[in-house]
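The values are calculated or read from the model by the stated rules, or taken from the named source; none is laboratory data. Nothing here was measured: the structure is a model prediction, and the numbers come from that model. A quick note on method: Cβ atoms are made from the backbone with ideal geometry, for glycine too, and the neighbour counts reach across all protein chains shown. Surface areas here come from the heavy atoms of the whole protein model, side chains and all, with no ligands, DNA or RNA. Shrake-Rupley method; radii C 1.70, N 1.55, O 1.52, S 1.80 Å.
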Amino acid sequence: MRDVTSAQSALLDWYDAHARVMPWRVGPAERRAGIVPDPYRVWLSEVMLQQTTVAAVREKYLRFTALWPRVEDLAAEEDATVMAEWAGLGYYARARNLLKCARVVAVEHSGVFPDTRDALLGLPGIGPYTAAAIAAIAFDRPETVVDGNVERVVSRLYDIHTPLPEAKPELTSVAEALTPTQRPGDHAQAMMDLGATICTPRRPACGICPLIAECAARVAGTAADLPKKSPKTAKPTRLGIAYVAQREDGAVLLETRPPRGLLGGMLGWPGTEWNDAPVAAPPLEADWQQVPGEVRHTFTHFHLRLALQVAVVPADTQTTRGGFHGRADFRPAALPTVMRKAWDLASSALPPL
DNA sequence: CAGTCGTGGGA
DNA sequence: TTCCCAAGACT
C-alpha cells in the first residue's frame, strides 16, 4: 500500500460504478439520494450471510422479509416455524440466535436496533464482524468490517504472509487504517464486493482491479498465494442409523432435536448417535427393514454415512419419542439437508399411499 | 485457543 | 472424488 487516500477514493469510485445489486442493499446512488437502509433488513441479511454464499441467501432473505416484514413480526413467530424456514441454510445456531435477538430488540428496545458497534455486540448471534457491518452499513458509522473478503484483500495489498488465523489481528489493524470517515458503509461493502468479484481466492483479476497501483502483492507476484492459511485437519468418518416409521395413514415419525449442538432445534428422524460403532436404537417396536444403500453427507468437521431402516406401523401407533406428522403437513423442505436426503432414500423403500 | 457448527457449488 | 470455501459466532 503506497497511499491510503488514493486507495480509498479509487475503491469508492469503483464501487459507485460496479456495486453488486442485492435485495437487502441500498446502492450508492440510492444512498446519495437520501435513502437509508432498514437496520432490521441489514441485520437479517448479515446473519444469513455468515459463512454462506450470496446465491444461497437471496431466496431465503426474500422469503423471510415477505413472511416477517418487521422485527416485531419475527419476534412473535413460533420457534418451529422459523427453524423450518431456515432449513437448508445450515449453521442452525444462527436461526436460534436470530429469534433470541429479534425478541430482545422487540421487547427491550421497542423494536429499534442499537446503532453502535458496542451495543450491537451484546446481542445474540452478533459478533465482531456483524456488529461492525450493521453499524457501518445501516448507520454509516466509521467501523471496520473484517470478513474473509477483507482478510484476503488487505493481505494482498500489504503482501502479508503470516498465516491465518494468526494474522487476524494484523489484518484487522491495517483494515482499520483503510477505513475512511466519509462513506464508511459504502467502503465496507466495496471491500467485500472487491473481494468477491475481483480479488478472488483463485485467479484474482488484477488486470481490472481499481487498487492495482496500491497493491504490494501485485508487485511481488504473490497475490494468488495470499492469504496463507494454516493446514486443516482431516475429517473423520462417522456412522449412524436413522429410522423412518410411516403409519398406515401416511403420517411419519419425526423428533425435534435437542436445542443445542449439531442440527439443534431442527426436525429429524429418530436414530442412533453418530460415531464409530452406532448401537441400534429403534424408536418403537416394528418390523424394521434395512433400506439398500446409504446416505452420505459431509458436515463441517466429519463425514457421515447414514444407514436407513423403514417400517410401516398401524394407524393407532403410540410413541414416546418424537411425534407423528400427518403427511399433509409434512414438508421435506423443512428438514435439514441430511434429513431430507434420508427421506429421499427412505421414501423410495416405503409403500405408496 | 481450538473445536464445534451446514451446505452447495466450483475447480 | 476430494478439496476448498462463502459477508463468523460461540464455547
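Worth pointing out:
- Note on region A:66-80: residues that are open to solvent by 10 Å² or more (accessible area, probe 1.4 Å), in contact (Cβ under 8 Å) with a residue 40 or more places away in the chain and part of a helix (DSSP H, G or I) amount to 2.
- Across region A:115-124, the qualifying residues are those that are without any contact (Cβ under 8 Å) to a residue 40 or more places away in the chain and more than 16 Å from DNA strand B (Cβ to nearest atom), and the one among them that is nearest to A:GLU72 (Cα to Cα) is A:LEU123.
One line per residue, one yes/no per condition, for (1) assigned to a helix (DSSP H, G or I); (2) modelled with pLDDT under 95; (3) within 11 Å of DNA strand B (Cβ to nearest atom); (4) open to solvent by 20 Å² or more (accessible area, probe 1.4 Å):
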site	(1), (2), (3), (4)
A:THR52	no, no, yes, yes
A:VAL57	yes, no, yes, no
A:PHE64	yes, no, no, no
A:VAL82	yes, no, no, no
A:GLY88	no, no, yes, yes
A:TYR91	no, no, yes, yes
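- Subset of region A:162-184 [in a helix (DSSP H, G or I), open to solvent by less than 40 Å² (accessible area, probe 1.4 Å) and within 16 Å of DNA strand B (Cβ to nearest atom)]: A:LEU171, A:THR172
- The listed residue being within 30 Å of A:ASP3 (Cβ to Cβ) and either at pLDDT below 95 or within 16 Å of DNA strand C (Cβ to nearest atom) (or both), out of A:PRO204, A:PRO236, A:PRO259: A:PRO204
Condition check ((1) within 19 Å of A:GLY27 (Cα to Cα); (2) more than 11 Å from DNA strand C (Cβ to nearest atom); (3) outside any helix (DSSP H, G or I)) across all residues:
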{"residue": "A:ALA136", "(1), (2), (3)": "yes, no, no"}
{"residue": "A:VAL145", "(1), (2), (3)": "yes, no, yes"}
{"residue": "A:ILE160", "(1), (2), (3)": "no, yes, yes"}
{"residue": "A:ASP186", "(1), (2), (3)": "yes, yes, no"}
{"residue": "A:MET192", "(1), (2), (3)": "yes, no, no"}
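- Checking A:ILE208 against (1) more than 28 Å from the chain's Cα centre (by Cα); (2) surrounded by 13 or more Cβ atoms within 10 Å (Cβ to Cβ), the condition it does not meet: (2)
- Test for A:LEU254: is it of a type in the set (A, V, I, L, M, F, W, C), within 16 Å of DNA strand B (Cβ to nearest atom) and in a loop (DSSP other than H, G, I, E, B): no
- Tabulated pairs, region A:96-114, first within 15 Å of A:ASP73 (Cβ to Cβ), second at pLDDT below 95 and within 16 Å of DNA strand B (Cβ to nearest atom), C-beta under 9 angstrom, 6+ apart or interchain: none
- Test: residue in region A:281-289 that is touching a strand residue (DSSP E or B) at 6+ places or on another chain (Cβ under 6 Å), open to solvent by less than 50 Å² (accessible area, probe 1.4 Å), in a strand (DSSP E or B) and outside the structural domain of A:LYS168 (by TED's automatic domain parsing): no
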